[in-house]
Structure formats: structure tokens, C-alpha cells
Amino acid sequence: MNLQQKDEKYIWHPYTHQKDRLPAIPIVKGDKALLIDEKGNKYIDAVSSWWVNIHGHGNKFIAKKIYEQAKKLQQVIFTGFTHEPAVELAEKLLKVLPGDFSKIFYSDDGSTSTEVAIKMAIQYWKNVGDSKRNKIIAFHNSYHGDTFGAMSISERGIYTFAFQDKLFDVVFINTPDGKNIEQLKNEIKKYKDEIVCFIYEPLLQGAGGMLMYQPEDLDQLLSLMKEEQIICIADEVLTGFYRTGKFFAGDYMKEKADIICLSKALTGGTMALGVTACTQKIYDAFVSDDKTKTLFHGHSFTANPLACTAAVASFELIQKHKVLKKIENIITHHQKFFRKLQGFEKKEFIKNVRQCGTIIAFEVCTSEKDNYLNNISKDFTAFSMKHGIYLRSMGNTIYVMPPYCITSGELKKIYSVIVGFLKKYIEEKARA
Ligand SMILES: Cc1ncc(COP(=O)(O)O)c(C=O)c1O
């Protein structure tokens, strides 16, 4: 059996329809924006390997730092012990995070970072003796991860369908759109002092379909939340580390979060690590003679030294290596592509063309429903792969979210393959 056949026999892949699934392609190497398979075929990774990779694949600087750390200390229990990579990373993060944060809590990934955030918020109110607060507010179309708490605070949709009756109740509100602020205000006021926290993906709802909304509208909503003493939790698992054009999406807003969640690009996309940072006020509610006020949460690999080292190394690359210039280049190219896409939009072949920093997205108009199950995605990925690009649409939502090291030539190739697909799709539709 070759690798592909063994994979088929032994492995169950994530978010993959198992019946008639296409064989997984064995990738043997990554080189900057490229993924290289065992036959030597090259694919431009136009989605940053599930939105994590920012400096490109096979980054030698991060690899060297991980190797050096691995020779010294690979893992140590994080209760009662500490180590330099964890402290250095915490110190670096606290200097740049958008808000008045003073403590870093480590976990394993994006889902655990949001789990920790809601546990912190719920227990905060218990610890300060306010038992009325038991409601959580989240946005429609939100996605905060796949564990049960994270699913509970996420949209009730295709991803959570099988578990709906096992999820705890959450009050879902619309994202602010500049016109609905009064309506949102009334909804929030209805629950007044019963609300524990509000969790949101600032400016960009990724897994919900790359939906975008404006910082000034979010600012208005956040100021309302603050008036009601509601703990605001920014889930920047996706938006952190310049994805939206600024270091954090929170940098676009005047109102700051009380808790922030990070993962994905935190380690440059090399290793799994989650961070939940909170303000001194929240942390202080857990400092007590009463031992039941402890946050009883931790994972075996909390603050893994290798992952923290990767994150510190990624930080250095961000600060020293002209990342901003690269991001500006992506944004400029996206803007040109945006104008090209508007031509297709005018003819109603596609809709909702939108851009936020390094992400550009739109929906293809099909005869099926606009959602994750839309069958166009299979054709689109197959077409892109045939032309040397890895793109994975979410149903009929096509998006590009490249690593920052991507070249202008590679970006142009991505756009031309997308245009090629659209033309082919339009021709086939006309013929049918
Ligand atoms: C905003 C947001 N929060 C949380 C998560 C969950 O992260 P992970 O897949 O690392 O558990 C994701 C993943 O896509 C995300 O986009």
C-alpha cells in the first residue's frame, strides 16, 4: 500500500465528507507559499493552511529556534514551573495587545482559548458574588471552535446541527450594520444585568462565511456593552497578527475588549498554541483565600516550550522583517482584483464582493442554497488544484487568504485561476 492508500485505510480527516471522498494528497515539503506533493507538484497555499501560516512554509528561522529549544526543554508541567519562552512571549504580547491586558493564560488552540475565555467570564461573576448574570451574547454566524463550549457560543448551523440539544443557551444578535444599533440596544437592555459576557469575532466572521462588518459599528456596540458592565471577549484567533491589515482587529476600535483570544498565526502557523489574555480586574476576582475561586482549567501541554518558542520567533519575524510592506502589497493586489470581480458582480454571476485586509471573498451565484454544503466547492477545489493553487471554498463562498510571504506573481496566478473557474462555470451554465 502506498501512503495515500494507507491514509484512506487508517485516517479520518476533519471537515471532510467521508462518502466518495477524494484521496488525500501526500504533501512532503513546504517552501514559502508553496506546498509540494510526493510527485513534485507544487500548489500555492492560497488559504494559509487553514488561516494559520503567515511567514510561509519551511521557515528556517522558526525551525532553528524550535530545534535549539528542543535540545534544552521540550515540555514541562506548567503548574508550579515556568520557562523562558512562556514568560518572554507573555511579556511581548502584553506590550502589543489592543487593550489593558495584564495576564496571559495559555492553552492548546483556538477552541480552547475561547473555552477558557467564557469560563473566565462566567466564573468572574460567581467569584464577585453576582449570581444574576447567566446569559452569554454572541453574534449570528459566529464561529468560536468545535469543542462543546465553543460550539455553544457559535451559530446554530451546519457545523453544530447534530449537537444542538446538548449546547447551552446563548442570546444571538445580529452584527451591527450602521442601521440596527437601536434594535441591538433594545435587545441588550432587555437582559440588562443578566449578561455575563459578549463574545465576538471583530470585523471578520471567518468560518461563518468570511462575513465582514465595520469597526465604527462594532465600536458603537462595544460602548453599549461597556455601559452595561458586560465583559467583552474579542476572539482574534483568526484576525490577530495583521490578518485585517493592523496588528489586531481590535486596533481599529476605540473600545477595547476585557478578554482576548489568540491562536492560528500566533506561532507563525507552525505549532498549536492558544492564548487567553485578561485585564487585571478579571484576574483579581480569582485571587482569594477561598480556594473554590480558582480557575480549574489546564491542559497537559499548557505553554509547551516549543510552541512558545515558535511564537516568540514568529514575533521577531513580524517586527523585523518588513511584514507590513508585504501586507500592503497583498492589499494593493486584492484591491485590483476586487475591481475585476465587480465586473462579474454587475452581471450577477457572483455577489457580495468584499475585502478586509489580506482577505478577499465573494459568493458564486448558483441554483443551490448559499451555504457550506453548496456543491460548487468540490469542482472549485479540483479546478484550482489542477492549476497549481490550493483554494478551499466554504460552499459557494470563495476567498483568498494568503501567507504574507506570497509574491505578486503568485497572487496574480491565484486571481487568474479564480477568473478561469468563473468563466468556465458561466459557460457551462449557459450551455445547460
Ligand atoms: C475566530 C475563530 N475562533 C476559534 C477558532 C477555533 O480554532 P481551532 O481550530 O484552532 O480550535 C477558529 C477556527 O477557525 C476561528 O476562526
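For the reader, a short list of remarks on this structure follows.
- Between the range 281-327 and the range 136-183, the alpha-carbon centres lie 25 Å apart.
- Lys, Arg +1 and Asp, Glu -1 on Cβ, resulting dipole of the chain about Cα centre, debye, nearest 20: 1420
- Measuring between alpha carbons in the structure, the pairs from Lys65/Lys92; Lys92/Lys256; Lys254/Lys281; Lys71/Lys291; Lys347/Lys413; Lys378/Lys413 lying more than 26 angstrom apart are Lys71/Lys291.
- Efficiency of FRET from Cβ geometry, Leu167 and Phe286, R₀ 25 Å, rounded to 0.05: 0.45
- Based on DSSP H segments of at least four residues, each scored -39500 (n - 2.57), the chain has a per-residue ellipticity at 222 nm of -12000 deg cm²/dmol.
- Gaussian network model of the chain, springs between alpha carbon atoms under 10 Å - residue of Ser48, Ser111, Ser102 with greatest fluctuation: Ser102
- Longest DSSP-loop-exposure-free segment, chymotrypsin sites (Phe, Trp or Tyr not before Pro), the chain, at most 13 other Cβ within 10 Å: 297-432
- Note on the chain: Rg/Rh from C-alpha atoms, Kirkwood Rh, equals 0.96.
- Volume of the Cα convex hull of the range 62-320, divided per residue and given in Å³: 129
- For Thr279, the amide hydrogen comes within under 5 Å of the amide hydrogens of Ser102, counting only partners 5 or more places away or on other chains and with H modelled in the peptide plane.
- Mean-square fluctuations from a GNM of the chain, with a 10 angstrom spring cutoff on Cα atoms, peak among Ile282, Ile25, Ile199 at Ile25.
- Compared with the dominant Cα axis of the chain, that is its longest principal axis, helix 408-431 is turned about 70°.
- Cut-off of 10 Å, at most 16 other beta carbons, DSSP loop: longest stretch of the chain lacking such trypsin sites (Lys or Arg not before Pro): 40-131
- Förster radius 41 Å - calculated FRET efficiency between Lys6 and Arg431, Cβ distance, rounded to 0.05: 0.50
- Solvent-accessible area, 1.4 Å probe, carbon plus sulfur percent, for the range 29-182: 54
- Think of a 1.4 Å ball rolled over the protein heavy atoms: the range 136-283 then has 37 Å² of accessible area per residue.
- Taking 0.36 nm per residue of separation and subtracting the Cα-Cα distance, full extension of the segment from Thr79 to Asn371 would add 100.8 nm.
- Kirkwood hydrodynamic radius of the range 12-89, Cα pairs, Å: 15.8
- Extension gain from Thr294 to Lys60, taking 0.36 nm per residue of separation minus the Cα-Cα distance: 80.2 nm
- For the range 364-395 and the range 1-23, distance of Cα centres in Å: 20
- Backbone N under 15 Å from the Lys423 label point (7 Å along Cα→Cβ), restricted to the range 314-349: 340-341, 343-344
- Shown is the FRET efficiency for Val28 and Glu345, computed with R0 = 45 Å from the Cβ-Cβ distance and rounded to the nearest 0.05: 0.70.
The values are calculated or read from the model by the stated rules, or taken from the named source; none is laboratory data. Remember, it's a predicted structure, so these values are computed and weren't measured experimentally. All Cβ positions, even for glycine, are placed from backbone atoms using ideal geometry, and neighbour counts span all protein chains on display. These accessible areas exclude ligands, DNA and RNA; they are computed on the full protein's heavy atoms, side chains included. Shrake-Rupley method; radii C 1.70, N 1.55, O 1.52, S 1.80 Å.
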